[in-house]
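For reference, the structure discussed in these notes is given below.
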Amino acid sequence: QVQLMESGGGLVQPGGSLRLSCAASGRIFSINNMGWYRQVPGKERELVASIISGGNTKYVDSVKGRFTISRDDAKNTVLLQMNSLKPEDTAMYYCNAKIRERGYSFAGLYWGQGTQVTVSS
């Protein structure tokens with residue numbers, strides 16, 4: 001069974017940096033899209049950044065120039081480097097990936113358990 005495990009969240013002051021990491025494990029044949037979403041209580045989950053297997057990236061406007069998404073296919077890992085953090089970046093951050101398991105002809109969508117990011121002085 002495929003699992004996604006996030007790490008790297010925590011408390012940081014405004015202007016600070018954090019790096020989130022998400023590692024996929026299990027019977028993985030291939031990984032297509034990988035991404036990071038975030039959610040605050042009472043609001044819908046929003047896409048923060050995504051990266052496809054070819055390396056093309058997308059970002060929500062509010063994080064452009066501050067966040068960088070990257071992936072290490074050898075380690076089945078996606079990273080989110082977050083710089084110049086603002087209080088409005090405070091949220092639970094979730095990793096997401098479209099993964100094809102060995103023995104299957106289609107890819108499924110998987111989510112991590114989430115990691116809390118709090119930006120506060």
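The values are calculated or read from the model by the stated rules, or taken from the named source; none is laboratory data. Predicted, not measured: the structure shown is a model, and the values here were computed from it. With ligands, DNA and RNA removed, areas are computed over all heavy atoms of the protein, side chains included. Shrake-Rupley method; radii C 1.70, N 1.55, O 1.52, S 1.80 Å.
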Residues whose built amide H sits under 5 Å from the amide H of Ser30, excluding neighbours closer than 5 in sequence, are Arg100
Subtracting the Cα-Cα distance of Asp61 and Leu47 from 0.36 nm times their residue separation yields 4.0 nm
When every alpha-carbon pair in the chain is counted, what percent end up more than 18 Å apart? 48
To the nearest Å², the heavy-atom accessible area per residue of the range 1-105 with 1.4 Å probe amounts to 56
Please list the non-local residues whose amide H lies under 5 Å from the amide H of Thr90, H modeled 1.01 Å from N, same-chain partners needing a gap of 5 or more. Val119
Note on the range 1-102: contact order normalised by length, alpha-carbon pairs under 8 Å, 6 or more apart, percent, works out to 37
Test of understanding: what is the full-extension gain from Ala107 to Ser70, defined as 0.36 nm times their sequence separation minus their Cα-Cα distance? 11.3 nm
